[in-house]
Amino acid sequence: MRQLLLGACALLLVAAASKPADKLRLAAIEPKAGACAPLGADAAPGEKAYYEHLATRLGVKVLKCPVADRAAAAAALAAGELDLAVLDPASFAPVAGVARAILTIRPEGGLNRIPVIVAVPAAGPDKRLEDLRGKTLAFGGATPAAEALPTKVLADRGFGRGAFGKPLDAANAEGALEALRAGKANAVVLHAAAWQRLCMPEDPKVKSPCADLKVLLKARPQAALAVVVRKDIADETRYRLIGIHMPLHLENKAAFAWASSWAPQAAEFTPAETLALVATR
């Protein structure tokens, strides 16, 4: 009986911890910091549209929390004094243990933050990205997804073009893999769609065509800015926030313009992984 009671208490605690809050507190960078409060009558039309949109969709009060800068927003987020803020890598780093990114913005004409794979021969000596310094990388084409995106992913991690030898720019992903296997390059750099098409069979029982390779890196480009929440926010609230923001550019243009004003030429909100603001290796 005692075990049953303890188990029931544990379930109640979990349920209480995951219960959505009755308010949502948003960081707002302003010259004068202050306490969280409802929007004033002088709020801009777009700001009012965004707060009302969130309040209606979530069924909660949405409060504005003026903070001095992104560092102050991160500190308040970690202290439980607000629920959502837009942070950059520098302000996110001190709170990475208690906060997580949930959304970034894709710019007009820009690419989504798709993963990039760096692979080398499995039997070769290279075991880390650092081992490729001064060596030849084969890129799978000249399109933005095949060249510019992988170049940024490497640069985010401290590996600019000067870190490697002259790149081998193949015509396509197939050509890059051929160059690697022919010994003309030391590593291949492909975006995830090309890697999956060429190296990931639909049937898991079938041996991968790239079983002779090993992956040294699978990473997305580091986000310059991202919408961040605390890790202890209720899952329901987090998922609903993502679901509310993704179609915002279609459903409420005024609210979208305000909510995305921190990103130039914003096209739409896109989901982000927890460490989108960290250049992981």
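The values are calculated or read from the model by the stated rules, or taken from the named source; none is laboratory data. As the structure is a prediction and not an experimental result, all values here were calculated from the model. With ideal geometry, Cβ positions are generated from the backbone for all residues, glycine too; neighbour counts draw on all protein chains shown. Surface areas here come from the heavy atoms of the whole protein model, side chains and all, with no ligands, DNA or RNA. Shrake-Rupley method; radii C 1.70, N 1.55, O 1.52, S 1.80 Å.
Taking residue 21 as the residue in question, decide whether it is modelled with pLDDT under 95, open to solvent by 50 Å² or more (accessible area, probe 1.4 Å) and of a type in the set (Gly, Ala, Ser). Spelling it out, residue 21 is indeed modelled with pLDDT under 95, open to solvent by 50 Å² or more (accessible area, probe 1.4 Å) and of a type in the set (Gly, Ala, Ser). The residues on offer are 222, 265, and the sole one that is in contact (Cβ under 8 Å) with a residue 40 or more places away in the chain and out of contact with any strand residue (DSSP E or B) (no Cβ under 9 Å at 6 or more places or on another chain) is 222. Of the strands (runs of 3 or more DSSP E) entirely within the stretch 183-281, those holding at least 3 residues that are surrounded by fewer than 21 Cβ atoms within 10 Å (Cβ to Cβ) occupy 213-219, 266-271. Inside the stretch 164-178, residues that are assigned to a loop (DSSP other than H, G, I, E, B) and under 19 Å from residue 152 (Cα atoms) make up a count of 6.
Of all residues in the stretch 125-139, those being small (Gly, Ala, Ser) and open to solvent by less than 20 Å² (accessible area, probe 1.4 Å) number 1. Here residue 142 fulfils each of the conditions (1) out of contact with any helix residue (DSSP H, G or I) (no Cβ under 8 Å at 6 or more places or on another chain); (2) surrounded by 14 or more Cβ atoms within 10 Å (Cβ to Cβ); (3) small (Gly, Ala, Ser) apart from (2).
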